[in-house]
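The next block holds one structure in the form of structure tokens; read it before the comments.
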Amino acid sequence: MPAQTLAAQPGRWLWTCREGFESHLFEELLWADANPRLLGPALLESERRPDVPPAFGRAAEKVIATWAPAGGAQVPVEDILDALSGLPTHVPWVLRAFTPDSERGNTQAGRAEALEAAVRAAIPPHRLLEEDHRARDAGALLVGLCVAPDGVLVAGAVSAREALSLAPGGRRRMKRAGESPSRAAMKLEEALDGLAHEPGRGDVCVDLGAAPGGWTQRLVARGARVVAVDPARLMPELTKNPKVQHVQQSAFAYAPEEPADWLFCDMAWRPQEVAQLLAKWGRRRWARNLVANIKLPMKDKNPLLLRVKQILVDDGGWEGLTVRQLYHDRDEVTVTAHRMR
Ligand SMILES: C[S@@+](CC[C@H](N)C(=O)[O-])C[C@H]1O[C@@H](n2cnc3c(N)ncnc32)[C@H](O)[C@@H]1O
């Protein structure tokens with residue numbers, strides 16, 4: 001890790017990741033011939049953006065300008081506006097200031113907030129979009145200001161349609177619902193937030209590794225019917241819910257009575273074996289949509305992740321695969337895919 005945050009170079013891509021996962025993102029970028037460089041905790045840059053988004057990258061933007069004034073002095077807002085003046089103005093902008101998600105990075109949160117307010121105040125309001133969900137449809141430009149430790153400031157941009165995330169620095173914080181039984185529920189909410197469509201009323205969902213029931217609860221709240229497969233107990237309110245069928249056995253021994261619309265999986269089990277199980281579901285066309293959380297507690301994560309992807313696509317026939325470490329994921333990644341009938 002560099003002793004001081006390094007300044008990203010204009011024309012390269014700036015990446016954020018979860019702190020502690022820099023080496024995994026570095027490796028992915030290296031394997032993609034993107035010539036990465038570690039800038040500091042939770043922050044990297046690369047020469048280009050790989051065609052397949054790296055699993056451990058939370059957000060990426062093309063660097064427009066970098067400042068690293070001596071002694072960490074404030075960069076005048078006029079200088080930032082000047083740097084942004086070359087960006088297209090015929091499309092709306094989504095403006096986001098963020099800090100690297102690291103212990104030191106997070107100490108800059110106040111600076112980031114103040115900087116975003118100052119830049120925002122200098123841009124006519126009609127040119128800025130607030131709601132993320134409109135940004136992609138509107139062909140907006142995501143303009144990011146990365147406020148890093150050691151006085152480093154990086155301005156960058158990426159088309160909202162191509163952005164990995166529209167949340168500041170890729171931190172899509174889901175709200176913790178009062179009655180939610182587990183942190184797991186937020187992982188599911190974040191995964192669903194990134195999809196073009198969600199499970200809804202009348203859909204049949206199978207939830208492998210469902211206990212204690214955070215995911216199942218979120219799915220029934222959307223009106224779906226859920227088969228919750230887990231040898232462990234579900235929370236009592238779910239066992240009484242007529243929309244929930246608890247199959248108290250191993251997911252490896254379970255076969256559905258009817259094809260499901262959605263297959264969910266958050267099983268705490270070995271990734272390769274989970275991938276083989278999900279591939280079986282794909283091959284047998286037991287489900288059309290897949291959302292799975294794959295646990296990666298091992299040190300060497302990327303070779304295993306490659307194998308998991310290969311099993312899902314080659315053996316399972318799953319299509320449109322995305323593999324991402326979401327904000328609420330810890331030592332794990334979230335996979336989404338679908339299967340044409
Ligand atoms: C992280 S927890 C799931 C949390 C759940 N998604 C929620 O929202 O409450 C992992 C679960 O995987 C289950 N599990 C482990 N091996 C399993 C297997 N072979 N079949 C089904 N469930 C399994 C465990 O019993 C445990 O409840």
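The values are calculated or read from the model by the stated rules, or taken from the named source; none is laboratory data. This is a predicted model, so every value here is computed, not measured. Reconstructed Cβ throughout: ideal geometry from the backbone, glycine too, with neighbour counts over all protein chains shown. Accessible surface areas use protein heavy atoms only, side chains included; no ligands, DNA or RNA. Shrake-Rupley method; radii C 1.70, N 1.55, O 1.52, S 1.80 Å.
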Counting pairs of alpha carbon atoms under 8 Å apart in space and at least six apart in sequence, what relative contact order in percent does segment 184-338 give?
-> 21 percent
Which whole-number percent of Cα pairs in segment 193-239 have a distance greater than 15 Å?
-> 40 percent
Can you give the convex hull volume per residue for the Cα atoms of segment 135-264, as a whole number of Å³?
-> 150 Å³
Please list the equivalent ellipsoid semi-axes of segment 256-309, computed as the square roots of five times the alpha-carbon gyration tensor eigenvalues, in descending order and whole angstrom.
-> 23, 10, 8
For segment 231-273 and segment 118-143, write down the distance between their C-alpha centroids in whole Å.
-> 42 Å
Taking 7 Å along the Cα-to-C-beta vector as the label spot, tell me the Ala114-Thr89 distance in nanometres, rounded to one decimal.
-> 2.8 nm
Accessible-area value, Met1, 1.4 Å probe, nucleic acids and ligands omitted, Å² | 130 Å²
Residues whose placed amide H lies under 5 Å from that of Ala287, excluding near-sequence neighbours = Ala260
Solvent exposure, largest accessible area first (probe 1.4 Å, DNA, RNA and ligands not counted), of Ser165, Ser159, Ser23 = Ser23, Ser159, Ser165
So how much slack lies between Glu19 and Lys240, counting 0.36 nm per residue of separation and subtracting their Cα-Cα distance, in nm?
-> 75.5 nm
Given a 1.4 Å probe, the accessible area of the chain per residue, as a whole number of Å², is 45 Å²
Carbon and sulfur atoms: what percent of the 1.4 Å accessible area of segment 47-179 do they account for?
-> 51 percent
Say the cut-off is 25 Å between C-alpha atoms; which of Lys280/Lys309; Lys62/Lys295; Lys187/Lys309; Lys243/Lys309; Lys187/Lys243 go over it?
-> Lys62/Lys295; Lys243/Lys309
Two-decimal Rg/Rh of segment 13-170 from alpha-carbon positions, Kirkwood Rh?
-> 0.95
Using every pair of alpha-carbon atoms in the chain, split the distances into 10 Å bins beginning at 0 and state the percent of pairs per bin, rounded to integers.
-> 5, 24, 30, 22, 13, 4, 0
Where labels lie 7 Å past Cα in the beta-carbon direction, separation of Arg127 and Arg270 in nm = 5.7 nm
With Rh as the Kirkwood radius over Cα pairs, segment 174-330 has Rg/Rh of 0.93
Leaving ligands, DNA and RNA out of it, rank Glu257, Glu22 by accessible area with a 1.4 Å probe, largest first.
-> Glu257, Glu22
For the chain, what's the relative contact order in percent, using C-alpha pairs closer than 8 Å and at least 6 residues apart?
-> 14 percent
